[in-house]
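Written out below as structure tokens is the structure these notes cover.
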Amino acid sequence: MFPVVIIGMGPGNPELLTLAAKNALEEADVILFDCMPDDTLLKTFQFKGEIIAIDKKIDPTAMVDTMEKHYHAGKKVCRLKPGDALMFNGGGKEVRALKAKGIDFRMIPGITASCAAANIFAVPITEMDESDVSVNFVYHDNETNHNLLKDLAGILKYGSTIHIYFANTDCIGQIVEIITSVGVTPDMPVVVASRISAKDETSVKTTLDKVEATLRALDMKRPMLFIVGKYVEVLSKKQIIPFLMTSEH
């Protein structure tokens with residue numbers, strides 16, 4: 001039997017797929033996926049294996065069941081996950097299920113969106129002897145999540161950085177309110193990265209008190225990521241200079 005290969009495909013750009021992942025996909029008989037931020041990767045390489053899309057919303061067990069079926073058929077199975085397979089993508093649940101079934105597997109790391117954004121847009125997220133903490137956080141609109149963000153926000157006062165993944169722009173005001181409620185100043189820098197690694201990728205630097213108005217004025221495309229912290233700035237040329245900031249000078 002060949003081990004099932006769980007692959008982090010990165011933020012979407014084919015050039016950010018690791019060599020180990022590309023080699024595994026080229027050898028695969030079956031390639032499974034359920035959520036692709038950009039299908040450019042599969043179109044670019046045109047792997048020889050059968051490509052199967054699974055809708056886990058219809059059947060939550062379908063992905064693991066399909067991996068199990070092809071594994072026992074002696075096929076080389078690759079499971080694609082966006083970003084890194086274990087970062088917010090439910091990879092842990094699938095791996096536990098495979099282990100419980102006695103199915104051999106191996107994992108190939110992928111570049112998660114926060115790391116990709118920091119490097120693509122040259123955003124410093126830590127500083128030697130100043131900040132040693134960088135946290136990834138997914139925003140959900142519920143009390144438990146809000147309390148967690150409030151607890152985490154305190155680290156911003158010490159120069160640390162929080163990367164906030166969010167689903168829609170309607171929650172921006174709530175995020176800002178939670179962060180500033182613990183004493184973080186409204187002028188705390190924020191970098192918003194849009195369409196990370198895609199051809200139309202861009203970023204903008206603003207502040208907590210201006211981020212909502214900035215994004216509504218620019219109408220930036222989703223998916224987006226907030227990078228909040230004392231030291232964050234965009235050092236690359238890939239950014240928009242918002243009118244809201246330039247008009248003040």
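The values are calculated or read from the model by the stated rules, or taken from the named source; none is laboratory data. Please read all numbers here as calculations on a predicted model, not as lab measurements. Cβ coordinates were reconstructed from backbone atoms using ideal geometry, including for glycine residues, and neighbour counts include every protein chain displayed. Side chains are part of the model used for accessible areas, which takes the heavy atoms of the whole protein and leaves out ligands, DNA and RNA. Shrake-Rupley method; radii C 1.70, N 1.55, O 1.52, S 1.80 Å.
For the chain, the per residue solvent-accessible surface stands at 51 Å², with DNA, RNA and ligands left out and a 1.4 Å probe. The largest accessible area among 32, 86 belongs to the first residue in 86, 32, and the rest follow in falling order (1.4 Å probe, all chains). For the stretch 21-99, the alpha carbon convex hull comes to 96 Å³ per residue, rounded to a whole number.
Normalising the average separation of contacting C-alpha pairs (under 8 angstrom, six or more residues apart) by the number of residues puts the relative contact order of the stretch 113-235 at 33 percent. Computed from backbone phi with θ = phi - 60° and the Karplus coefficients 6.51, -1.76 and 1.60, the 3J(HN,Hα) list for the stretch 170-183 is 5, 8, 4, x, 5, 4, 4, 4, 5, 5, 6, 5, 9, x Hz; x is used for glycine and proline. The HN-Hα couplings worked out from phi for the stretch 52-63 by the Karplus form 6.51 cos²θ - 1.76 cosθ + 1.60 (θ = phi - 60°) are 10, 8, 10, 9, 6, 5, 7, 9, x, 9, 4, 5 Hz, whole numbers, x standing for Gly and Pro. Does anything in the stretch 10-36 have its amide N under 18 Å from the 7 Å Cα→Cβ label point of residue 62, and if so which residues? Only 30-36 fall inside the zone, counting backbone N under 18 Å. Rounded to the nearest whole Hz, the Karplus-based 3J(HN,Hα) values (6.51 cos²θ - 1.76 cosθ + 1.60, θ = phi - 60°) of the stretch 139-151 follow the sequence 7, 10, 8, 8, 4, 4, 5, 4, 5, 5, 4, 4, 5, with x at glycine and proline. Note: relative contact order over the chain, using C-alpha pairs below 8 Å and six or more positions apart, is 19 percent.
Where the alpha-carbon atoms of the stretch 1-147 are placed on the principal axes, they occupy 54, 36, 26 Å, in descending order. Compare the Cα positions of 198, 133, 154 along the charge dipole of the stretch 110-207 (+1 at Cβ of Lys, Arg; -1 at Cβ of Asp, Glu; about the Cα centre) and return the one farthest towards the positive end. So the residue we want is 198. A Cβ-based charge dipole, computed about the Cα centre of the stretch 102-204 with Lys and Arg at +1 and Asp and Glu at -1, lands at about 240 debye.
Please check: in the Gaussian network model of the chain (C-alpha springs, under 10 Å), which one of 223, 186, 60 has the largest mean-square fluctuation. Sorting by GNM fluctuation, first place goes to 60. Solvent-accessible area of the stretch 4-108 (1.4 angstrom probe, protein heavy atoms only): carbon and sulfur portion equals 53 percent. Backbone amide hydrogens, once placed in the peptide plane, bring residue 135 within less than 5 Å of 161, 162, 163, excluding anything fewer than 5 places away on its chain.
Each residue of the stretch 117-249 gets 103 Å³ once the volume of the Cα convex hull is shared out per residue. Looking at [x] 20.0, 67; [y] 16.5, 47; [z] 20.3, 74, which value of Rg and Dmax of the Cα atoms in Å comes from a calculation on the structure shown? Only one listed value fits the structure, namely [x]. What a 1.4 Å probe finds exposed on the stretch 113-235 is 49% carbon and sulfur by accessible area, rounded to a whole percent.
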